[in-house]
Amino acid sequence: MPDDDAVLLSIGELAERTGLSVKLIRHWSDVGVVPPTGRSAAGYRRYDARAVARLELARTLRDLGLGMAAIRDVLDGRHGIADVAALHADALEVQMRTLRVQCAVLRSVATRNSTTEELAVMTKLARLSAAQRNAIIHQFVSDVLGDLDASGYREGLMAATPDLPDEPTNEQVDAWIELADMLGDPQLRAAMRRMGEYAARHAPGPYDEHDVRAVQQVTDFWVRRVTEAIDAGVPADSPAADPVVADVVGVWLPMQEGGDLRPGGDGEDARSQLLEQLEIAADPRAERYWQLLCVINGWPVRPSLAAAGQWLMTALRANPAPGARAAEISAVLGGAARSGPEEVSRAYARVVAEVAEIVATVTADRFDDPTPCAGWSVRTLLNHLVYENLMWTSLADGNPRTDFTADHLGDDHVAAFRASAQAALTAFDRPGMLVQRYGPAPGWRLVEQVVIEMLVHGWDLAKATGRPTDLAPDVAARTLPAVHEIYRALPRTPGGSFAPAQPVPAEASAADHLAAYLGRNVSWTPRG
């Protein structure tokens, strides 16, 4: 190359051609990225045309994140661009995985409102290797099960270890942090221990994938069967739940080994053992444990079994043997009336008229307000009141309704309630209806039941809307003994029709006493 200043560029001219600053070019020149071709007589750096190309390539590589050493290797021909790019891409992937984990930890911290100490623990947990995570699970299983002879259960727990992927989502990192935190929960450990003890008594054999699939099929069956019953409005603590229990026992029983439980042997012993099994398996912490493992491992997360499980357990408690609840109700309903059947009909007319007055005061802007019935809004409660009138009317007419989940209010809830009440009054006034037999019960017992429904749900509506709750005091007082008689044996557990009886002042109204006996908090207000 000629050594003439006229064909060489000064650092300023080089800056103009490349758009880079003089300061940056000088620095890159000092580190060997673009060495000067020579110097002027005054000692200033001079660059030839190749410096422009080197600088432009260096800028491109730098924008991609390559370090200066790698850039020099490419420019000087020591490494090809493809090799350097591949190495740098690998490094970036590692950095991105690290950043994703850090991001997930920070989001988890923000969601949990964690302390500084918790942040340190969560960060450490997120960085554990697969082997370290598995060791934590194995230690948990070992601590919980000890020397229990339940090899199949133990192997199943050991096989389900958290396999956090190389590129976990925020949800997966958060699930691992939550799971690791849960492992120290004494209540989770106690729940898993109970399951292990049950397995040691009833299924001590080795882990069998075929058995696991069979259990899952049975679970799928009873969840589907119970969900159908719930959707159809079948109360778990009624005789109507007995066929559902029988179906579930029929599928579950062949899976059991030992003892006197044989296929086809639905009875008190079988139902008792199924209830015990469900009660042991129903712990929400254990269910959450498996849900988190599914999230971490990218497996489908099964919906919670809590609602269906509570319904089935209540149905088993209420129907401890085939026909048991029906026999109880037959014995109660077959008793003589405390007063004439016509008195029950007049009681219904009195109560439904008072409830209608409350319904008429409800405006649409109150529909979303809460009620003493947990999870029920005012509109849901109004719909149920109308349905109760329609349903008992259909029973009186010998044509039971099945549209439990339908909308019975339409656009005019007041008119809907009045129409349903009038239909019931007409059905109950039909000559002979009050003494006609409906299975084990005379017709007046049907009317008595809808009187109870109107009293308790009318009380709910009055509470929710700020109206007086002293509904038909004389009727409520006469009805209270029947409520005690009919509902005394009901299991007051989740999934049942009523919560446990609540305390109530002795001087409270008869309607308050009735509501409290059926699980209502008489001190309830719309704001809790």
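The values are calculated or read from the model by the stated rules, or taken from the named source; none is laboratory data. Note that the structure is a prediction, hence the values are computed from the model and not measured. Here Cβ is always computed from backbone atoms with ideal geometry, including for glycine, and neighbour counts include all displayed protein chains. These area figures cover heavy atoms from the full protein model, side chains too; ligands, DNA and RNA do not enter into them. Shrake-Rupley method; radii C 1.70, N 1.55, O 1.52, S 1.80 Å.
Could you give the dipole magnitude of the stretch 439-512 about its Cα centre, charging the beta-carbon of Lys and Arg +1 and that of Asp and Glu -1, in debye to the nearest 20? Before the final figure, lay out each step's value.
Values: 6 positive and 8 negative charges, 40 e Å.
It comes to approximately 200 debye.
Would you mind putting 206-213, 344-351, 274-281 in packing order, based on average other-beta-carbon counts within 10 Å, highest first? Could you put the intermediate results ahead of the total?
On the way: 206-213: 11.5, 344-351: 20.4, 274-281: 16.8.
With the highest mean Cβ count within 10 Å placed first, the list reads 344-351, 274-281, 206-213.
Can you pull a Stokes-Einstein diffusion coefficient for the stretch 389-430 at 4 °C (1.567 mPa s), Rh from Kirkwood over Cα pairs, as a whole number of µm²/s?
Numbers: Rh = 10.7 Å.
Once the numbers are plugged in, D ends up at 121 µm²/s.
Sort largest first and round to whole Å: the equivalent ellipsoid semi-axes of the stretch 4-87, each the square root of five times a Cα gyration tensor eigenvalue.
Each semi-axis is √(5λ); the values are 25, 12, 10 Å.
For the stretch 362-516, what is the per residue volume of the convex hull drawn over the alpha-carbon atoms, in cubic angstrom?
Values: hull volume 20.2 nm³, N = 155.
So the per-residue Cα hull volume is 131 Å³.
Using the Cα centre of the chain as the reference point, and only Cβ charges (+1 on K/R, -1 on D/E), how large is the resulting charge dipole? Debye, rounded to the nearest 20.
920
So how much accessible area does Trp392 have, in Å² to the nearest 10, using a 1.4 Å probe?
40
Give me the angle, in degrees from 0 to 90, between the Cα long axis of helix 473-487 and the longest principal axis of the Cα atoms of the chain, rounded to the nearest 10.
70
Give the accessible surface of the chain per residue, rounded to a whole number of Å², with probe radius 1.4 Å and ligands, DNA and RNA excluded.
Details: 26710 Å² over 528 residues.
Per-residue accessible area for the chain comes out at 51 Å².
Mind giving me the nanometre distance, one decimal, between the label points for Arg224 and Ile136, set 7 Å out from Cα along Cα→Cβ?
For the pair Arg224/Ile136, the computed spacing is 3.8 nm.
Using a 1.4 Å probe on the protein heavy atoms, what percent of the accessible area of the chain belongs to carbon and sulfur? Please report the intermediate quantities before stating the final value.
Values: 14550 of 26710 Å².
C and S fraction of accessible area: 54 percent.
I need the phi-derived Karplus couplings for the stretch 195-211: 6.51 cos²θ - 1.76 cosθ + 1.60, θ = phi - 60°, integer Hz, Gly and Pro marked x.
Those phi angles translate into 5, x, 5, 5, 4, 5, 7, 10, 8, x, x, x, 5, 9, 4, 5, 5 Hz.
Might you work out the accessible area of Ser509 for me, using a 1.4 Å probe with all protein chains in place, and round it to the nearest 10 Å²?
20
Kindly give the semi-axes, whole Å and largest first, of the ellipsoid equivalent to the stretch 187-318, taking each as the square root of 5 times a Cα gyration tensor eigenvalue. Let's see the in-between values first.
Numbers: eigenvalues 110, 77, 40 Å².
Rounded to whole Å, the semi-axes are 23, 20, 14.
Distances over 19 Å make up what percent of all Cα-Cα pairs in the stretch 417-490?
Details: 1257 of 2701 pairs.
Counting every Cα pair in the stretch 417-490, those more than 19 Å apart make up 47 percent.
Quick query: amide H of Leu9 versus all other amide H atoms, modeled in the peptide plane; which residues come in under 5 Å with a sequence gap of 5 or more or a different chain?
Those qualifying (amide H under 5 Å, at least 5 residues apart or on another chain) are Tyr47, Asp48.
Give me the angle, in degrees from 0 to 90, between the Cα long axis of helix 306-318 and the longest principal axis of the Cα atoms of the chain, rounded to the nearest 10.
Result, in degrees: 20.
Can you tell me the orientation of helix 268-281 relative to the chain, as the angle in degrees between its alpha-carbon axis and the longest Cα principal axis, to the nearest 10?
Roughly 30 degrees between the two axes.
Quick one: if you take sqrt(5λ) for each eigenvalue of the C-alpha gyration tensor of the chain, what semi-axes come out, biggest first, whole angstrom? Don't jump to the answer; show the numbers that get you there.
Details: eigenvalues 1109, 216, 71 Å².
Ellipsoid half-lengths, sorted descending, are 74, 33, 19 Å.
Compute the label zone of Glu268 within the stretch 483-497: residues whose backbone N is under 18 Å from the point 7 Å along Cα-to-Cβ.
From the stretch 483-497, the list is 489-491.
Given a 1.4 Å probe and the protein chains all in place, what does the accessible area of Trp290 round to, in Å² to the nearest 10?
Result for Trp290: roughly 90 Å² accessible.
If Val295, Val173 are ordered by their accessible area, calculated over protein heavy atoms with a 1.4 Å probe, which sequence runs from highest to lowest? Numbers along the way, then the final one.
On the way: Val295 30, Val173 0 Å².
Output order, biggest surface exposure first: Val295, Val173.
Quick one: which residues, 5+ away or cross-chain, put their amide H under 5 Å from the amide H of Gly38? H built at 1.01 Å from N.
Correct list: Arg46.
Output wanted: per-residue J couplings in Hz (rounded whole) for the stretch 421-431, from phi through Karplus 6.51 cos²θ - 1.76 cosθ + 1.60, θ = phi - 60°, x for Gly and Pro.
5, 5, 4, 5, 4, 5, 5, 6, 8, 4, x
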